[in-house]
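The values are calculated or read from the model by the stated rules, or taken from the named source; none is laboratory data. Here the structure is a predicted model, which means the values were calculated and not measured. All Cβ positions, glycine included, derive from the backbone under ideal geometry; neighbour counts span all protein chains shown.
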């Protein structure tokens, strides 16, 4: 059903909701390209990327070329290298001789880009989106509340770019326990100083976030004097796949292969690829081991416990602390543990933004209630064919493991920009990797001969 809004004051070509790295990159590319009117809204008052995990010493898990624009246009003024030049850091970076940059610097780089984009409006929360009919055709009405004043305004756009991405995820049976002393790892830096005053801290999870939190707590343990535990239900504290041929799965070529598969095959394949986009970096594992080694010199025996193959079954408050019920999955043994603080490094999951609820009847859903996405990153819709809704980092189930990867962000935005303009603004190379993901025509021909 379409609302009637006959005379909108101004119509934008595209409005973006959420300003994370992906929509920020899209905003930068649209500004440089010119010729289109765009607005981007973010409810936070300023750009901060995973602020609760900006731990000293942590780095991006992708090379610096995975900035907002370089993989689409290295000549852009919004590249990370230009950021370094503008901040008189080129020689510092040159002598650093590292491909993976500090996470804090990546965040500062993104803030620098955002400061140059007046069409990025922070402190504005999108409350609702409605499809409407007007004298200028079908449009989207985007209802926005200014966070500081509560002022409500409506904006109108031909197209949308939804950059909400993922949200912190906690297993359903643990949600009731979240609170002052049980948090998701995304809140870690906000609470770190408080945790150092506790007697015991337990980290749950097998991914990079859990490892970084554990490592940071391990570094400060002598000061805080807390006992420290780390449990994961994974089979071990295993590294993420980071071989060069393994990295080729984060390429447009693999997206092309994966997208053509039947959805049943995609759903079967994705869980088997966990270590492509989950797991811990080899460097972080090495840093943790080196620190454990150093802390046990001279027969020192600090209160540190690491245990894999162990699932957190239950978590409840007891006498002002937390009682954890855990199970060693191989032996089946169940045991209990008291811990003042529990940090759940349980990852992130896709979320359907509340502002799309009014349009759920216009969206095509699959049998698992996930939205369907076209190859060029548009939601499949009913009755909205004139008005695209581009999706950013919500297409893992349709496009594969590269959906959340920063290295594919500029490529996805290049495809979105090309679709928005109706012509090739950015050239998209068809061959980017050495390996093949499907049987090649030349091989079929050779077999016949």
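Quick notes on this one:
- Failed item in (1) over 27 Å from residue 314 (Cα atoms); (2) surrounded by 17 or more Cβ atoms within 10 Å (Cβ to Cβ); (3) in contact with a strand residue (DSSP E or B) (Cβ under 9 Å, 6 or more places away or on another chain), with residue 251 passing the rest: (3)
- Residue ID - farthest from the chain's Cα centre (by Cα), chosen from residues in the range 338-358 that are over 29 Å from residue 142 (Cα atoms) and buried (at least 18 other Cβ atoms within 10 Å of the Cβ): 339
- Listing of helices (runs of 4 or more DSSP H) fully contained in the range 81-197 that carry 2 or more residues being over 24 Å from the mean Cα position of the chain (by Cα) and closer than 23 Å to residue 403 by Cβ: none
- Candidate set: the range 36-52, residues that are surrounded by 20 or more Cβ atoms within 10 Å (Cβ to Cβ) and either without any contact (Cβ under 8 Å) to a residue 60 or more places away in the chain or not in a loop (DSSP other than H, G, I, E, B) (or both); chosen: the one nearest to the chain's Cα centre (by Cα): 42
- The lone exception for residue 59 - which of (1) over 24 Å from residue 284 (Cα atoms); (2) in contact with a strand residue (DSSP E or B) (Cβ under 6 Å, 6 or more places away or on another chain) it fails: (1)
- The residues listed here are 356, 384, 379, 315; of these, the one that is touching a residue at least 12 places away in the same chain (Cβ under 8 Å) and more than 25 Å from residue 158 (Cβ to Cβ) is 315.
- Residue 46 under 27 Å from residue 277 (Cβ atoms), in the same structural domain as residue 148 (by TED's automatic domain parsing), in contact with a strand residue (DSSP E or B) (Cβ under 8 Å, 6 or more places away or on another chain) and modelled with pLDDT of 95 or more: no
- Any hit, the range 221-234, residues being at pLDDT below 95 and within 21 Å of residue 99 (Cβ to Cβ): no
- Test: residue 263 is touching a strand residue (DSSP E or B) at 6+ places or on another chain (Cβ under 8 Å) and either under 22 Å from residue 205 (Cα atoms) or surrounded by 11 or more Cβ atoms within 10 Å (Cβ to Cβ) (or both): no
- The residues in the range 294-310 that are more than 29 Å from residue 330 (Cα to Cα) and surrounded by 12 or more Cβ atoms within 10 Å (Cβ to Cβ) can be counted, and the count is 1.
- Residues considered: 17, 69, 74. Of these, the only one that is outside the structural domain of residue 187 (by TED's automatic domain parsing) and without any contact (Cβ under 8 Å) to a residue 12 or more places away in the chain is 74.
- Filter pass, residue 379 being within 21 Å of residue 402 (Cα to Cα) and not assigned by TED's automatic domain parsing to the domain that holds residue 209: yes
- Filtered residues of the range 289-318 (kept if closer than 14 Å to residue 214 by Cβ and touching a strand residue (DSSP E or B) at 6+ places or on another chain (Cβ under 6 Å)): 303, 304, 305, 306, 307
- Considering residues of the range 198-216 that are within 29 Å of residue 242 (Cα to Cα) and assigned to a loop (DSSP other than H, G, I, E, B) only, the residue nearest to the chain's Cα centre (by Cα): 207
- Between 134, 154, 115, the distinction of being farther than 24 Å from residue 392 by Cα and out of contact with any helix residue (DSSP H, G or I) (no Cβ under 6 Å at 6 or more places or on another chain) belongs to 134 only.
- Residue check: residue 56 meets all listed conditions (1) outside any loop (DSSP other than H, G, I, E, B); (2) modelled with pLDDT under 95 but one, namely (1).
- Options 369, 413, 361, 393: the member that is buried (at least 20 other Cβ atoms within 10 Å of the Cβ) and modelled with pLDDT under 95: 393
- Taking the criterion of being surrounded by 15 or more Cβ atoms within 10 Å (Cβ to Cβ) and either farther than 17 Å from residue 429 by Cβ or free of Cβ contacts under 8 Å to residues at least 24 places away in the same chain (or both), the residues of the range 238-248 that qualify are 238, 239, 240, 241, 247.
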